[in-house]
Structure formats: C-alpha cells, structure tokens
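Notes follow once the structure below has been shown.
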Amino acid sequence: MRVTVSAVLAAVGLAAAGTAAYAVAGARGLAVAGTVLAIAVLVAARLAIVPAAPHPTGRRKRPAPGVSAEDFPAFRQIVADLGWAGASRRHYDHVTRPVFTRLVGTAQADRGISQEAAEARAGSDLWPLMDPSAPLSNNSEAPGVDAATLGRIVDRLERLWSGRDGHD
C-alpha cells in the first residue's frame with residue numbers, strides 16, 4: 001500500500017509541476033520541466049543501484065589484458081607452416097618439417113638425447129617425417145602429410161621432450 005500511495009503522490013506532483021511550468025513559460029517551460037524530470041529519474045535510478053560487494057581479499061581483480069594473434073608472431077608462423085603440410089611432400093619437407101626438425105634438435109640439445117634415442121622415441125613410422133638428416137623432397141605431386149599424422153608427430157615430439165618412452 002505504501003508503494004501505491006508514493007506512486008500516486010509522485011504522479012500528482014509531476015502533473016502539478018508540469019502544469020505550473022506550462023502556465024509560467026508555455027511550451028518551453030514544459031520542455032524544461034520534462035528535462036529536469038528525466039534528470040531526476042536518472043539520478044534516482046543511479047542511487048537505487050546497489051554497489052557490488054567488495055572482493056573477498058579486499059582488492060578487485062584486475063581484468064585480463066587483451067590478447068591478440070599479433071602478440072604471438074611465432075605462433076602465427078607455426079600455424080601457417082603447419083597449414084602447408086598437406087599440400088604436397090615438397091611443401092611439407094620445405095615448410096613444415098623444418099619446424100619439427102628444430103624441435104627435435106632443441107630437445108636433443110636440452111635433454112641430452114642422442115639421435116638413436118630420439119629416433120626410438122619418435123618411432124620408425126614417423127621418424128622419416130621429422131628426421132633432420134633426411135633429404136628434402138622436391139616432388140610437388142606426391143601427397144603431403146595429413147592432419148592425423150601431424151597430430152601423431154606432435155604427440156611423439158611431446159614424448160621426446162618429456163623423456164617418456166611411450167609405454168605408459
């Protein structure tokens with residue numbers, strides 16, 4: 001009941017103010033009264049908004065910085081290089097395989113892995129596709145490497161980096 005009485009009183013007050021503004025200044029007075037009314041409604045709405053509860057630690061969490069592809073040019077280059085793998089064997093050997101051979105070489109140097117151990121961990125089926133010493137193909141008619149095989153190569157490279165032998 002209290003809300004209804006307040007709403008009726010507010011409506012009567014607004015009507016009286018609008019009538020008085022029109023009587024004093026005509027249409028301009030009515031426009032000014034409407035503008036003042038709109039501002040009053042906005043201020044009242046702003047005051048009615050309940051502020052957010054403070055963060056439990058007393059500090060607000062900073063928003064995560066915006067990240068874009070431009071922040072990681074090496075990643076973009078690797079994605080582009082992997083995209084050429086399926087075009088032909090020449091494209092794979094000249095564009096994509098160097099990415100894998102750099103990773104194999106880095107893993108060997110960082111982990112002290114011999115060429116034989118790297119080959120054993122990669123597996124005889126995939127080693128020719130990442131062997132740094134294998135000759136490059138110039139045959140653009142031969143099929144490239146499909147996405148499933150690329151996924152297996154990445155799995156074997158992870159095995160090479162982790163030192164796991166694949167029997168887990």
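Some observations on this one:
- Per-residue ³J(HN,Hα) for the range 40-47, Karplus 6.51 cos²θ - 1.76 cosθ + 1.60, θ = phi - 60°, Hz, x for Gly and Pro: 4, 5, 5, 5, 4, 5, 5, 5
- Length released on extending from residue 137 to residue 149, taking residue separation times 0.36 nm less the Cα-Cα span: 2.5 nm
- Cα gyration tensor category, rounded, prolate or oblate, for the range 70-162 with a/c compared to 1.5: oblate
Quick note: the coordinates plus some simple rules give every number you see, no bench work behind them. Computed from a predicted structure; not experimentally measured.
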